[in-house]
1. If the Cβ limit is 8 Å and pairs must be 6+ apart or interchain, which residue in region 204-215 that is basic (Lys, Arg) pairs with which residue that is surrounded by 14 or more Cβ atoms within 10 Å (Cβ to Cβ) and outside any helix (DSSP H, G or I)?
2. What are the residues in region 76-130 that are aromatic (Phe, Trp, Tyr), modelled with pLDDT under 90 and out of contact with any Asp or Glu (no Cβ under 7 Å at 6 or more places or on another chain), if any?
3. Can you name every residue in region 55-69 that is among the polar types (S, T, N, Q) and either part of a loop (DSSP other than H, G, I, E, B) or at pLDDT below 90 (or both)?
4. In region 140-158, how many are closer than 23 Å to residue 361 by Cα and part of a loop (DSSP other than H, G, I, E, B)?
5. Considering each of 340, 292, 323 in turn, give the residue that is at pLDDT below 95, of a type outside the set (A, V, I, L, M, F, W, C), under 23 Å from the mean Cα position of the chain (by Cα) and surrounded by fewer than 14 Cβ atoms within 10 Å (Cβ to Cβ).
6. Select from region 9-54 the residues that are within 19 Å of residue 317 (Cβ to Cβ) and among the charged types (D, E, K, R) and write down the one among them that is modelled with the lowest pLDDT.
7. For region 159-176, which positions are under 18 Å from the mean Cα position of the chain (by Cα) and either more than 16 Å from residue 360 (Cβ to Cβ) or not charged (D, E, K, R) (or both)?
8. I need the full set of residues from region 112-167 which are within 19 Å of residue 209 (Cβ to Cβ) and among the β-branched types (Val, Ile, Thr), in order please.
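The values are calculated or read from the model by the stated rules, or taken from the named source; none is laboratory data. All values derive from a computational prediction rather than experimental measurement. So basically every Cβ, Gly included, is an ideal-geometry build from the backbone, and we count neighbours across all protein chains shown.
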Amino acid sequence: MTQCPHAAGTASGPVDLSSPRFQAEPVELYRAIRREHGAVAPIVLPGDIPAWLVVGYRELHQLTSDPALFSRDSQLWNQWPRIPADWPLMPMISREQPSILYTVGERHSRRSAVISGALEAEDPFGLKQHTEVFADELIDAFSTTGTTELIASYAMKLPVRVLAKLFGFGDEKGPALVTAMNDMINGGPDALTGQRHIATSVFQLVAERRAEPGDDVASRMLADTSGFTDEEVARDLMVMMAAGHQPTADWIGNSLRLMLTDDRFAASLSGGRHSVAEAMNEVLWEDTPSQNIAGRWATRDTHLGGRLIKAGDLLVLSLAGANSDPQVRTDGTVLTGGNNAFFSFGHGEHRCPFPAQEIAETVARTAIEVILDRLPDVDLAVPAEQLARRPSPWLRGLRELPVRFTPTPALGGQR
């Protein structure tokens with residue numbers, strides 16, 4: 001019988017990953033986890049499913065640097081006999097492995113190269129222009145009102161519109177994809193409907209681009225000669241859309257929150273481009289959208305951070321916990337500027353492909369700059385302490401960001 005990870009002695013019980021402290025006070029929580037459990041902590045997932053949470057920077061680096069010992073192959077999980085079909089985390093930890101998320105070894109390397117090549121061919125100037133056009137369109141919808149809620153009206157709508165354009169969707173498909181993607185991510189009653197719309201749309205796009213290629217990501221992936229099927233290309237496009245949309249939306253929202261609530265950034269809101277880059281970089285260290293990721297599975301019994309990890313155990317990667325590790329933050333200061341040794345995009349062969357990271361950065365930075373250009377006196381419409389986070393230990397983002405500003409005319413496509 002597989003030993004339960006929680007058999008390891010701990011000062012207090014395993015950490016419940018559904019704890020509201022992950023939203024309310026993550027910095028204090030990760031500090032408490034390190035103090036009580038060390039760099040690798042026992043946790044429980046929904047249904048009292050045991051796993052490990054890796055919060056140590058060095059331990060996370062070790063784990064992500066050794067795919068032979070800590071695999072992305074979820075079929076290795078020793079808890080599958082206990083997992084019901086309707087388990088709430090099933091969309092995140094799938095036993096079926098049709099996408100790049102769970103592909104390992106040489107096939108993963110080839111699959112990653114196809115994606116990177118297709119994204120790298122994007123014109124960065126065209127990407128910025130597309131983002132500006134969609135940003136202006138969204139701002140036009142509320143610029144004359146003097147108030148808006150920037151998460152729902154802006155941050156949650158922009159990234160997927162840009163990605164849809166890059167992938168090859170016509171502009172007329174964009175609004176429906178925005179609705180479907182956000183329905184799927186929100187996990188409400190329309191989640192499955194949203195997921196089906198995304199899947200149907202992407203498979204239809206792949207069929208269309210197979211018949212009539214264009215200058216877009218889907219066509220480039222299909223044109224690659226690495227031998228992947230149309231279904232595999234479609235599955236990877238779906239992963240890219242989901243992985244590219246929500247973290248980028250949260251990067252926009254978290255960066256705007258920082259700039260609107262921190263005096264270090266307030267003085268340069270009306271024109272300081274350097275402050276936008278610094279805010280975005282600080283968010284990746286201190287308030288990263290991607291907090292915890294599931295995960296890796298041990299291929300054999302081993303030790304990590306002083307813990308006995310059994311073959312098939314699940315290890316959840318705490319990117320946020322590692323970013324705040326005092327072993328690499330010895331002076332306790334906020335890290336901004338050019339220091340990008342954070343784990344916010346992952347590490348190792350399964351990290352976010354660099355071209356995807358560049359696209360996310362361009363979209364987020366352009367989104368913030370356009371808001372500040374169009375609404376130079378934008379300010380919070382509620383006290384900062386009233387801003388609440390979504391209830392998730394996985395992705396950290398705001399529920400709402402209400403703002404006020406001097407009403408300005410819509411551009412109507414003229415910039």
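1. Between residues of region 204-215 that are basic (Lys, Arg) and residues that are surrounded by 14 or more Cβ atoms within 10 Å (Cβ to Cβ) and outside any helix (DSSP H, G or I), the close pairs are 209/168; 209/216.
2. Residue satisfying the conditions is 87 alone.
3. Listed by number, the residues that qualify are 64, 65.
4. So the count comes out to 2.
5. None of the others qualify; the one that does is 340.
6. This residue is 21.
7. 159, 160, 162, 163, 164
8. 114, 115, 160, 162, listed by residue number.
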